[in-house]
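Worksheet for the structure shown next.
The values are calculated or read from the model by the stated rules, or taken from the named source; none is laboratory data. A quick note: this is a predicted structure, and the numbers were derived from the prediction, not measured. So basically every Cβ, Gly included, is an ideal-geometry build from the backbone, and we count neighbours across all protein chains shown. All accessible areas refer to the heavy atoms of the entire protein, side chains included, with ligands and DNA or RNA removed. Shrake-Rupley method; radii C 1.70, N 1.55, O 1.52, S 1.80 Å.
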Amino acid sequence: MTAALSSQPDSSGGHRRYDPLETEQRWQAHWKDIDLDRTPVDGDARTPFYALSMFPYPSGSLHMGHVRNYVITDVIARVQRMRGHAVLHPMGWDAFGLPAENAAIERGIDPAVWTDRNIDQMKDQLARLGLSIDWTREQATCHDDYYRWTQWLFLELHDGGLAYQKEAQVNWDPIDQTVLANEQVDADGKSWRSGAVVEKRLLRQWFLKITDYADALLDDLEQLKGWPERVRTMQANWIGRSKGAEIRFHLAQVDGASTQPDQDITVFTTRPDTLFGASYVVLAPEHPLVDAITTDDHRSSVTAFRDLMSTLSNEERTADDQPKRGIPIGAEVINPVNGKRLPVWIADYVLADYGTGAVMGVPAHDQRDFLFARRHELPVRVVIQVPGADEHLVDGEAWTEPGVLIHSGRFDGMPSDQAKEAITSQGSKEGWATPKVQFRLRDWLISRQRYWGCPIPIIHCESCGAVPVPRHELPVQLPKDVDLSGRGGSPLAQLESWTSVPCPCCGKPARRETDTMDTFMCSSWYFLRFADPSNREAPFTPEAIGRWLPVKQYVGGIEHAILHLLYARFFTKALRDRGLLTIDEPFERLLTQGMVQGVTYRNPRTGRYVAPNQVTDEGDPRDPDDGGELEVLFEKMSKSKYNGVDPAAVIDRYGADTARMFILFKTPPEKDLEWDDADVEGQFRFLQRLWRLVESACTESDQRVSLAKDQSLELPATLTNAEQDVRRAVHTAIAEIGEDLSGDFQFNTAISELMKLSNALSGHLAGVDPAVRQEALSVLIRLMAPFAPHLAEEFWSRLDGEASVHQQSWPQHDPSALQKDTIELVIQVKGKVRGSLQAPANADKETLEQLALASDVAVKWLEGQPPKRVIVVPGKLVNLVP
RNA sequence: GGGAGCCUGGCGGAAUUGGUAGACGCAGCUGACUCAAAAUCAGCCGGCCACUGGUCUUGGGGGUUCAAGUCCCCCGGCUCCCACCA
């Protein structure tokens, strides 16, 4: 059986050539036959290890970014298997989303058909990489046996009070009469399809209350020790917790106002300690109170100002170079802490949807307020001592640091920290302040007015309201007979036969919810489904989750640092609180791999990208159009930059093992990788050197090795120097690679250790004891197996190894093999290396010091004077300080 | 503006966590083999100099230390995230 699987001799002689394509195809077929990658069954006693790549969108073609992602995860999965873990390494498809719908609009293809065809294509491409994925657990979020449970989980959140509806803005295309996703709106605010200026419209939409978990999502970042620091910071910034107080300013009677409502303006501030320095209060132009409190003499200018604001896009309104615009509205409020009257303004720099949409202006201690006050000639009152300036500002800037209070009545002399509490607490007693924690994080808008998504399982009834579709009626399937012209609003809303249903509660005619869910919903729980992939009764069982989750190692792009990872964490916590699982966090360790970049030719004058095959001379690249010199850069691979490298082409030429080795060796996984054909070639050469090494062990009589179980040899009692050298190289490699693959994964140095081992063995196996040779090759092949799985398997088989190399255990290093009799002792003089000598490895400090002092180097550099100080680092160096 | 990360030969990158800077590879150079080329094999490969030795060198400057790529302070550059967030 095994012999039949081996490479055929090539026609030119007895020696075999390395033919990666033939070898890889043969082993991939064999592994499939023996079901090598199947996840161990539930009763398996080994410690579970869940390795997961972020699943892809099935665009139809695999790119290098995918390859890098899945190869990294695959190596981790393979190493953990050999280390004796029960490994779960699944794959699926994040299959709902706009591209399928666009294909339908443009080419009339059913999105389901288009998506499934793409999945098939990408699976074929993935198969060639030799990934040890258990495909029996495959999931696609657009299949109803998956989205049924997405709907089920939505209802769980709904039951838990975490799903609700409210009015929110959408992008409305007035020509196509449809809602656009943010990505479909150009930078200049126009529709990607019709080119019409996109309008903002208010629509009643579904939200998830992720803000209920803001504190937990922030605090639990502490636990995620296995996450990159920068991802944790990004999430913390996104959640954006700030502590402060809400302060209520009561409206004052104003002369000339016909009526004044008995109203408060509530502001949020993180600096209650600066309350005495307030010189005005500003509302967002959209603030609901503006109409009611604007005085008659200001009404026309206020209306004009608000109209101007509503026509500006967000970008225009928040542009850096814009001065802070605003106008007074006539009303006045009383500063509750000192009774001063302050004017009320509206201004563009106040955001309606953060805090209370109102701010107290303290120009002396907030830079924005300062600029605003200077522009509109509002008073600046210093109430925090400014160092070196007594009571005034220096440098024409606000003083925003905490400090000691002045001009603040009985709070004078208090440091900011204390004053914040004292002023808030006085306000609480007097009823004008409330301590408040404010978050930047907003509730998650999940409604999409699109077809190709998971339908929200709700029925709207005039008498019963929003009624959940009963669980046993799930899934709410996407209808087939739908008009996907891209016009006339939500495709589902136009399908009367689908939308009109009886109310599950009262049976009266009712209407289905026609929004579908944000695709981030589908990807917020897929890692749970992989633990229990074919359960027809529930999305998963707590037992299955308990066995596999949390994911031990999650691998994916940094672009998901915020949204996907935050949503998945939110789902996990919400489902925990619904009693569906017991973990707090879904992903124990996270590796964010860098981009894959290609050589890019760019004309610096025109900004045009030039395809490599059009560049006139690669040494001195010039634009074929204008003859101008081109700059050579590395940028993320993309069609428009003509710098993509097709994985299939690389595999055709060198095989998957070379591609895997190159990607892992070139750079550490979290850094960007610059694709370089010469380096790929270099990896191919390395694999060929390995091939020749093993070839010799098959054919040369003084190097022959068999790894068959009944051929297992014992090491001789004493070893020659050459044999010791071989063993030292072998066991050093085990130790070093073991180190590189624990904790942080350093595949690049692991592979360089493989190269060192190969260099140490090549030409040094002839004539050494057969047991030493056998050990050396057995170790080498097992160490390379996770990286180059096909070639390792081929070697294992050719040397008569038992079963599959991928079922072998990871080698353990023998510390005694690392020992040396003598070491190179470095002699330093005042910290500079001046020479070295051979010293016994076990020599004590005194001996080493004596050896060093007696050396030629010491004699030369110390010029006969005894050193003032001698530092001995045993096994390393002696530093002589004259 | 706030936050995070990074900066080492021609290039990608190593460096036992304070102990020989430049492992491993790419590119380049020299030689062997060849009619020749490729492949392969052997070797060289940071700069400077009075070149069998010395000296400088990890973005720049300072400091701590017997010893600094590594620790501390100042400055510069690049990348990413957030951003009128009160």
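Select, from A:Thr699, A:Thr658, the only residue that is more than 30 Å from A:Met64 (Cβ to Cβ) and among the polar types (S, T, N, Q). Walk me through it before giving the result.
Working: A:Thr658 fails: more than 30 Å from A:Met64 (Cβ to Cβ).
Exactly one residue qualifies, and that residue is A:Thr699.
Residue-wise test of (1) at pLDDT 90 or above; (2) more than 21 Å from A:Gly557 (Cα to Cα); (3) aliphatic (A, V, I, L, M).
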| site | (1), (2), (3) |
| --- | --- |
| A:Ala216 | yes, yes, yes |
| A:Glu229 | no, no, no |
| A:Glu246 | yes, yes, no |
| A:Thr266 | yes, yes, no |
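Could you say whether any residue in the stretch A:691-707 is near RNA strand B (Cβ under 9 Å from one of its atoms) and of a type outside the set (Phe, Trp, Tyr)? I'd like the intermediate steps shown before the answer.
Initially, the stretch A:691-707 is screened for residues near RNA strand B (Cβ under 9 Å from one of its atoms), giving A:692.
Still in the list and also of a type outside the set (Phe, Trp, Tyr): A:692.
Looking through the stretch A:691-707, at least one residue is near RNA strand B (Cβ under 9 Å from one of its atoms) and of a type outside the set (Phe, Trp, Tyr).
Scanning the stretch A:191-223 for residues that are part of a helix (DSSP H, G or I), open to solvent by 20 Å² or more (accessible area, probe 1.4 Å) and either more than 16 Å from RNA strand B (Cβ to nearest atom) or farther than 24 Å from A:Cys454 by Cβ (or both) returns A:Asp212, A:Tyr213, A:Asp215, A:Ala216, A:Leu218, A:Asp219, A:Asp220, A:Glu222, A:Gln223. Only residues that are β-branched (Val, Ile, Thr) and within 9 Å of RNA strand B (Cβ to nearest atom) were counted in the stretch A:224-239, giving 2. Note on the stretch A:524-564: residues that are under 25 Å from A:Leu218 (Cα atoms), in a helix (DSSP H, G or I) and either modelled with pLDDT of 95 or more or more than 14 Å from the chain's Cα centre (by Cα) (or both) total 6.
Rundown of residues vs (1) near RNA strand B (Cβ under 7 Å from one of its atoms); (2) open to solvent by 20 Å² or more (accessible area, probe 1.4 Å); (3) in contact with a Gly (Cβ under 9 Å, 6 or more places away or on another chain), yes/no style:
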{"position": "A:Tyr349", "(1), (2), (3)": "yes, yes, yes"}
{"position": "A:Gly357", "(1), (2), (3)": "yes, no, no"}
{"position": "A:His365", "(1), (2), (3)": "no, no, yes"}
{"position": "A:Phe372", "(1), (2), (3)": "no, no, yes"}
{"position": "A:Glu377", "(1), (2), (3)": "no, yes, no"}
{"position": "A:Arg381", "(1), (2), (3)": "no, yes, yes"}
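Each residue in the stretch A:802-822 was checked for being at pLDDT 85 or above and within 12 Å of RNA strand B (Cβ to nearest atom), and 1 of them qualify.
Residues are listed down the side, and each one gets a yes or a no for (1) in contact (Cβ under 8 Å) with a residue 12 or more places away in the chain; (2) within 17 Å of A:Asp144 (Cα to Cα); (3) in contact with a strand residue (DSSP E or B) (Cβ under 7 Å, 6 or more places away or on another chain):
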{"site": "A:Thr519", "(1), (2), (3)": "yes, yes, no"}
{"site": "A:Ser524", "(1), (2), (3)": "yes, yes, no"}
{"site": "A:Pro533", "(1), (2), (3)": "yes, yes, yes"}
{"site": "A:Ile545", "(1), (2), (3)": "yes, no, no"}
{"site": "A:Val551", "(1), (2), (3)": "yes, no, yes"}
{"site": "A:Glu559", "(1), (2), (3)": "no, no, no"}
{"site": "A:Leu563", "(1), (2), (3)": "yes, no, no"}
{"site": "A:Phe571", "(1), (2), (3)": "yes, no, no"}
{"site": "A:Asp577", "(1), (2), (3)": "yes, no, no"}
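All of A:Phe787, A:Phe795 fail the test of being under 20 Å from A:Leu21 (Cα atoms), within 16 Å of RNA strand B (Cβ to nearest atom) and touching a Phe, Trp or Tyr at 6+ places or on another chain (Cβ under 9 Å), apart from A:Phe787. Give the residues of the stretch A:823-840 that are over 18 Å from A:Arg869 (Cβ atoms) and either exposed (fewer than 12 other Cβ atoms within 10 Å of the Cβ) or within 12 Å of RNA strand B (Cβ to nearest atom) (or both), sorted by residue number. Those that are over 18 Å from A:Arg869 (Cβ atoms) and either exposed (fewer than 12 other Cβ atoms within 10 Å of the Cβ) or within 12 Å of RNA strand B (Cβ to nearest atom) (or both): A:Ile823, A:Glu824, A:Gly835, A:Ser836, A:Leu837, A:Gln838, A:Ala839. Restricting attention to the stretch A:854-870, the residues being over 13 Å from A:Gln828 (Cβ atoms) and within 56 Å of the chain's Cα centre (by Cα) number 1.
Within 14 Å of RNA strand B (Cβ to nearest atom), more than 30 Å from A:Lys552 (Cα to Cα) and within 40 Å of the chain's Cα centre (by Cα) - does that describe any residue in the stretch A:741-748? There is no residue in the stretch A:741-748 that is within 14 Å of RNA strand B (Cβ to nearest atom), more than 30 Å from A:Lys552 (Cα to Cα) and within 40 Å of the chain's Cα centre (by Cα).
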